[in-house]
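Since the structure comes first, as structure tokens, the remarks are kept for the end.
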Amino acid sequence: FRICPVTRLDAEEMLAELRGAAVLKGARGRKAVSLDAIIDVLLKVGGEGGLLINHAADIKEADINPLIVSESGAVAVDARFVLA
């Protein structure tokens, strides 16, 4: 976790700290996913100029689950925002 706004470096560090970070990079015979796509999502939501920064007073909670990531991109299948 980080305090918003997150930077690209923050996002890279958060991904590296995940217990399953090796799986994202292609462990166990699976293809690597696009870490840049995950970072882009993190920055669009919590980065400078992102959703949580631009609407901080309006958003109490944010949940994106699942975020499906492949080698070519990321798609938020479901998102839930609780307004303040």
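The values are calculated or read from the model by the stated rules, or taken from the named source; none is laboratory data. On a predicted model such as this, the values are computed, not experimentally measured, just so you know. Here Cβ is always computed from backbone atoms with ideal geometry, including for glycine, and neighbour counts include all displayed protein chains.
Check whether at least one residue in the stretch 46-54 is touching a Gly at 6+ places or on another chain (Cβ under 8 Å), within 22 Å of residue 84 (Cβ to Cβ) and in a helix (DSSP H, G or I), and report yes or no.
yes
Which residue, of 41, 33, 23, is touching a Leu at 6+ places or on another chain (Cβ under 6 Å) and under 17 Å from residue 68 (Cα atoms)?
Checking each option against the conditions leaves just 33.
Of the residues 62, 32, which is in a loop (DSSP other than H, G, I, E, B) and at pLDDT 95 or above?
32
Would you check if there is a residue in the stretch 50-67 being touching a Pro at 6+ places or on another chain (Cβ under 9 Å) and small (Gly, Ala, Ser)?
Scanning the stretch 50-67 turns up at least one residue that is touching a Pro at 6+ places or on another chain (Cβ under 9 Å) and small (Gly, Ala, Ser).
In the stretch 29-48, how many residues are out of contact with any Asp or Glu (no Cβ under 9 Å at 6 or more places or on another chain) and in contact (Cβ under 8 Å) with a residue 40 or more places away in the chain?
1
Residue under question is residue 69, and the condition is that it be loosely packed, with under 13 Cβ neighbours inside 10 Å and either of a type in the set (Lys, Arg) or modelled with pLDDT of 95 or more (or both); does it hold?
Taking the combined requirement at face value, the residue does not satisfy it.
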